[in-house]
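No value in this document is a laboratory result; all are computed from the given coordinates. The shown structure was predicted, so the numbers you read here are calculated from the model rather than taken from an experiment. Cβ atoms come from the backbone with ideal geometry, glycine included; neighbour counts cover every protein chain shown.
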Amino acid sequence: MRILANENFPGPVVRALRELGHDVLWVKEIMCGASDVEVLSRAQAERRILTTFDRDFGELAFRFGLPAECGIIFFRLRGTSPETDNSRTIAALTSRTDWAGHFAVVQDDRIRLRPLPVTGWR
């Protein structure tokens with residue numbers, strides 16, 4: 001899986017995904033301080049699934065119509081402990097392969113997918 005992990009994404013999860021063989025770029029390493037628009041544009045341009053704990057990306061895709069066919073996964077976990085949340089994050093990400101084209105919300109007990117608007121932008 002090709003992933004662009006937002007700056008707020010946990011380092012241990014980035015490392016674990018890389019160890020599992022996924023191609024993961026981390027905003028904290030490659031474009032620290034970039035705006036949400038820049039991050040989403042990079043994910044779109046490189047056809048990477050954007051993973052984040054920031055709900056603003058849904059607004060960028062749906063309300064402002066920015067291109068996001070790459071797929072956005074918004075994690076909304078309770079925060080019981082970093083270890084538990086990291087395990088849930090990895091389990092959710094590796095549980096499916098149909099993230100592209102969707103805005104997904106991952107919660108402790110479920111995953112909801114909503115199709116993203118097709119913008120025609122490439």
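Here are the numbers:
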read-out	value
Residue among Arg42, Arg47, Arg15 that alone is in contact (Cβ under 8 Å) with a residue 40 or more places away in the chain and either assigned to a loop (DSSP other than H, G, I, E, B) or among the charged types (D, E, K, R) (or both)	Arg47
Breaking point among (1) part of a strand (DSSP E or B); (2) of a type outside the set (A, V, I, L, M, F, W, C); (3) within 13 Å of the chain's Cα centre (by Cα), for Glu69	(1)
Number of positions in the stretch 52-72 that are surrounded by fewer than 19 Cβ atoms within 10 Å (Cβ to Cβ), among the aromatic types (Phe, Trp, Tyr) and within 15 Å of Leu113 (Cβ to Cβ)	1
Every residue from the stretch 91-108 that is assigned to a loop (DSSP other than H, G, I, E, B) and touching a residue at least 40 places away in the same chain (Cβ under 8 Å)	Thr94, Thr97, Trp99, Ala100
Residue check, Leu116 under 21 Å from Arg2 (Cβ atoms) and either within 13 Å of the chain's Cα centre (by Cα) or buried (at least 16 other Cβ atoms within 10 Å of the Cβ) (or both)	yes
